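The values are calculated or read from the model by the stated rules, or taken from the named source; none is laboratory data. A quick note: this is a predicted structure, and the numbers were derived from the prediction, not measured. Heads up, the Cβs are rebuilt from the backbone with ideal geometry, glycines too, and the neighbour counts pull from every protein chain shown. Only protein heavy atoms, including side chains, enter the accessible area calculation; ligands, DNA and RNA are left aside. Shrake-Rupley method; radii C 1.70, N 1.55, O 1.52, S 1.80 Å.
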Amino acid sequence: MKIVSIGGGPAGLYFAILAKKADPSRDILVVERNRPDDTFGFGVVFSDETLGNFAAADPESYAEITRAFAHWTDIDIHYGGTVVTSAGHGFSGMARVKLLEILQRRAASLGVRIAFETEAKDPSDFPDADLILAADGVNSGIRAKYADRLQPTLDWRRNKFVWLGTTRPHPAFTFHFKPHATGLFRVHAYQYDATNSTFIVECTEGTWKKAGLDRASEAETLEFCENLFAEELDGHRLVANRSIWRTFPTVRCAKWSFDNVVLMGDAVHTAHFSIGSGTKLAMEDAIALADAVARYKSVPQALAGYEAERKPQTEAIQRAAQVSLEWFEETERYAGKLAPLDFAMSMLTRSMRITHANLKLRDAKLVADVDAAFAARHGAPADTPPMFVPFKLRGLTLANRIVVSPMCQYSAEDGLVDDWHLVHLGSRALGGAGLVMTEMTDVSAEGRITPGCAGLYAPEHVVAWKRAVDFVHKNSPAKIGVQLAHAGRKGSTRKAWEGIDQPLPDGNWPLLSASALPYKKGNQTPKAMDRADMDAVKADFVQATRNALEAGFDLVEVHMAHGYLLASFLSPLTNIRTDEYGGDIGGRMRFPLEVFDAVRAVWPAERPISVRISAVDWKEGGNTPADAVEIAKRLKAHGADIIDVSAGQTVDDDKPAYGRLFQTPFSDRVRFEADVPTMTVGNISSWADCNTILTAGRADLCVLARAHLYDPYWTRHAAYEQGYKMPWPPQYGSARSFTPRESR
């Protein structure tokens, strides 16, 4: 088998080592345009978790690599004149040129041929090769030339950075956040040998331009950074190595291979340097590809198997890298607003790969300090887990910060809820959640999504809801809120399990929306609302609010998300009106704010109102997170107490970016930039996630849906696992002495 690697970086060299070791008869050539000791940057960094893979794949190179390591366990965060240290992490750094030397030497010892200072621009240069690696880096010429087959996307990020070195050793992974007259500068620094460190300087493009760095030569950049960080460098110098200001490209490819050519490393995917994964990803690519070549009978099968296995792994890392790089792009959001300890917690958990729970395993003292500070701000005992710290809105105090999300049950008759809803809501209140929310509850019969949707528009609805509310209040410390809504153009459809968003086979009712646009092909076209329609809908919301008060609800939430009636006014995708209720965001908010004001006017001043919004439409031309901030600011100005930050579902052809905690960054942004409390939703499943979100300041309440469907007692189980004692209803008093045990 003849193998060629176009590119002699870590990906190409490491695969060559593994492939040659597996079968010495293979003819393997590595073609590298640079000289053996040419390198960009200074050091590479690996976490301890990564090293086990290298040890198993090739013990010989692993032993030599680890002998060259500088190892440390701490992260130092310099912010606001203080240093917060987090221990117990485990990192190793080494000079990039040293890593290449080790891999080159190991490859040559196995019989791999390496051709330095040799340019190879196309796989066609090697017509007799059985397998060709395109390991030609972030600026891959092969990826560009075959873009129609690989379908790459390059997302050039906003911040500017320059890769420098310094003679000052950094015995911890060090982050500096340095204010300057032109803006905030960030430094990512780590040691790569006994006497040298990588020193990456980063800032926003605006700061970069204000500082004149857009016109600076390499020498002038070096001088500026040495002066700015003179105290931090403590007499040491900075070192340049082709150190020019850059922007980071996030590279993704829909396809990883074609014919017998496969992309590897930075040619196919990149992960931001803030999580230190570029070289790790490249070398793990090599391990996975070598395994696939060994497992499958043919090259096409091996490449398909490699992509199927490896792509989801790298996409997960890229998601973490994305939220990490966005945190560094938006550090100004937190600087000056968070105390050093809270700032450190936000930074340490930015990628969502490190949670409150595993950070506690690494550094129990730091987490105890974070928790104590969080509890103290809200008058709770220092040892209270964050999710059990009470939360106050107006005259309402929640016993904890866990919310049962509104979840449509499609089990009402003519809007009338029954025993199913009583048990559904009551069991979750007994289960320990601080706030239980009803499902989307409609303000009129015409405002329902389906015939099975709940309503609060008739006297009998009040009686039925009051039964559930009274049960919650009598038997638990939980509070209960009602989500009021009108389905708009998404109404008159079947129950979810009968065909979600599909029109009813008969008995359809007329629909209203901001504009006469059907939700999807085959659905009813709604009427574009006129003034009379607006007045009628507003009156329906007012009456439903009065009914909610009569039923005894503690909180009202106005639903302005997910493409329903009020949301249809907010989004430019669904609002194409040319009157005063369309156009810019002020016009699009006019009617939703009229409704909100009317609801606020009849809801008691001591009781809070929340508003659910879609923070992003996930389609070009729709609302963006910046729009969500503006919407939240205006709602706050009109008396909204908390914003329930969701996303999407505005249009049928949106392209959501799902993942763990995928909506939490939107809550974070709204909370800080609109200066308003928030609830966050979206794939929250563990109490560790909740504690992380809360202590990092990303939300004030955590809203869980499917977790509560699976386990109504989710909150009580979370309390038990954290050693926190919750009160039990007297009927369940014997549960206090019960100790759950794993089944055998």
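Of note:
- Under the condition of being in contact with a His (Cβ under 7 Å, 6 or more places away or on another chain) and farther than 21 Å from Gln318 by Cβ, the residues counted in segment 652-705 number 3.
- Residues that are open to solvent by less than 50 Å² (accessible area, probe 1.4 Å) and within 22 Å of Val201 (Cβ to Cβ) do not occur anywhere in segment 51-67.
- Qualifying residue in segment 635-652 (condition: at pLDDT below 95, among the charged types (D, E, K, R), closer than 23 Å to Ile500 by Cβ and surrounded by fewer than 18 Cβ atoms within 10 Å (Cβ to Cβ)): yes
- Condition check for Arg660: open to solvent by 10 Å² or more (accessible area, probe 1.4 Å), closer than 21 Å to His638 by Cβ and not small (Gly, Ala, Ser): no
- In segment 84-113, of all residues being open to solvent by 30 Å² or more (accessible area, probe 1.4 Å) and either hydroxyl-bearing (Ser, Thr, Tyr) or in a strand (DSSP E or B) (or both), the one that is modelled with the lowest pLDDT corresponds to Phe91.
- Given (1) within 25 Å of Asp641 (Cα to Cα); (2) of a type in the set (Val, Ile, Thr); (3) over 31 Å from the mean Cα position of the chain (by Cα), number of the condition Thr578 does not satisfy: (1)
- For segment 62-79, a residue qualifies if it is over 33 Å from the mean Cα position of the chain (by Cα) and among the hydrophobic types (A, V, I, L, M, F, W, C), and the qualifying residues are Ala63, Ile65, Ala68.
- Hey, Lys527 in contact (Cβ under 8 Å) with a residue 24 or more places away in the chain and basic (Lys, Arg) or not: no
- Scanning segment 646-670 for residues that are of a type in the set (Lys, Arg) and within 15 Å of the chain's Cα centre (by Cα) gives Arg660, Arg669.
- Check on Leu694, closer than 14 Å to Leu425 by Cα, modelled with pLDDT of 95 or more and crowded, with 24+ Cβ neighbours inside 10 Å: no
- Taken over segment 653-676, the criterion of being touching a helix residue (DSSP H, G or I) at 6+ places or on another chain (Cβ under 7 Å) and in contact (Cβ under 8 Å) with a residue 60 or more places away in the chain is satisfied by Gly659, Leu661, Thr664, Pro665, Arg669, Phe672, Glu673.
- Meets criteria (touching a Gly at 6+ places or on another chain (Cβ under 7 Å), within 23 Å of Asp668 (Cβ to Cβ) and buried (at least 22 other Cβ atoms within 10 Å of the Cβ)) for Ala271: yes
- Residues in segment 492-523 that are in contact with a Phe, Trp or Tyr (Cβ under 9 Å, 6 or more places away or on another chain), at pLDDT below 95 and closer than 30 Å to Glu580 by Cβ: Ser492 only.
Listed here are the residues, each with its yes/no results for (1) among the β-branched types (Val, Ile, Thr); (2) out of contact with any Phe, Trp or Tyr (no Cβ under 6 Å at 6 or more places or on another chain).
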residue	(1), (2)
Ala357	no, yes
Thr384	yes, yes
Tyr410	no, yes
Val436	yes, yes
Val443	yes, no
Pro451	no, yes
Ala464	no, yes
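- Tally, over segment 407-416, of residues that are open to solvent by 10 Å² or more (accessible area, probe 1.4 Å), touching a residue at least 40 places away in the same chain (Cβ under 8 Å) and either out of contact with any Lys or Arg (no Cβ under 8 Å at 6 or more places or on another chain) or over 21 Å from Ala707 (Cβ atoms) (or both): 6
- Checked against (1) assigned to a loop (DSSP other than H, G, I, E, B); (2) farther than 28 Å from Ile3 by Cβ, Ala271 passes all but condition (2).
- Test: residue in segment 710-723 that is at pLDDT 90 or above, surrounded by 17 or more Cβ atoms within 10 Å (Cβ to Cβ), within 21 Å of the chain's Cα centre (by Cα) and among the β-branched types (Val, Ile, Thr): no
- Extreme residue, nearest to Ala399 (Cα to Cα), among residues of segment 461-485 that are outside any helix (DSSP H, G or I) and open to solvent by less than 10 Å² (accessible area, probe 1.4 Å): Ala478
- Lys520 being of a type in the set (D, E, K, R) and in contact (Cβ under 8 Å) with a residue 60 or more places away in the chain: yes
Every residue, every condition in (1) under 25 Å from Asp533 (Cβ atoms); (2) of a type in the set (Asp, Glu); (3) outside any loop (DSSP other than H, G, I, E, B), yes or no:
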residue	(1), (2), (3)
Cys408	yes, no, no
Gly426	no, no, yes
Ala429	no, no, yes
Gly432	no, no, no
Met437	no, no, yes
Met440	yes, no, yes
Ile449	yes, no, no
Gly452	yes, no, no
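- Tabulated pairs, segment 432-448, first under 30 Å from Phe388 (Cα atoms), second among the aliphatic types (A, V, I, L, M) and in a loop (DSSP other than H, G, I, E, B), C-beta under 6 angstrom, 6+ apart or interchain: Gly432/Met726; Ala433/Ala478; Gly434/Ala399; Val436/Ala478; Glu439/Met407; Thr441/Leu456
- Scanning segment 17-33 for any residue that is modelled with pLDDT under 95, among the small types (Gly, Ala, Ser) and either more than 27 Å from Val239 (Cβ to Cβ) or under 36 Å from the mean Cα position of the chain (by Cα) (or both) turns up nothing.
- Apart from one condition, Leu361 fits all of (1) surrounded by fewer than 16 Cβ atoms within 10 Å (Cβ to Cβ); (2) over 30 Å from Asp554 (Cβ atoms); (3) without any contact (Cβ under 8 Å) to a residue 12 or more places away in the chain; the exception is (3).
- Counting only residues that are within 35 Å of the chain's Cα centre (by Cα) and open to solvent by 20 Å² or more (accessible area, probe 1.4 Å), segment 294-304 holds 4 of them.
- Annotation: of all residues in segment 40-50 being open to solvent by 20 Å² or more (accessible area, probe 1.4 Å) and assigned to a loop (DSSP other than H, G, I, E, B), the one that is nearest to Gly165 (Cα to Cα) is Phe42.
- Checklist (1) under 25 Å from the mean Cα position of the chain (by Cα); (2) at positive phi; (3) small (Gly, Ala, Ser) applied to Gly379, failing item: (1)
- Number of positions in segment 496-517 that are in contact with a Pro (Cβ under 7 Å, 6 or more places away or on another chain), touching a residue at least 60 places away in the same chain (Cβ under 8 Å) and not hydroxyl-bearing (Ser, Thr, Tyr): 2
- Residue within segment 340-354 that is of a type in the set (S, T, N, Q), within 21 Å of the chain's Cα centre (by Cα) and farther than 17 Å from Thr85 by Cβ present: yes
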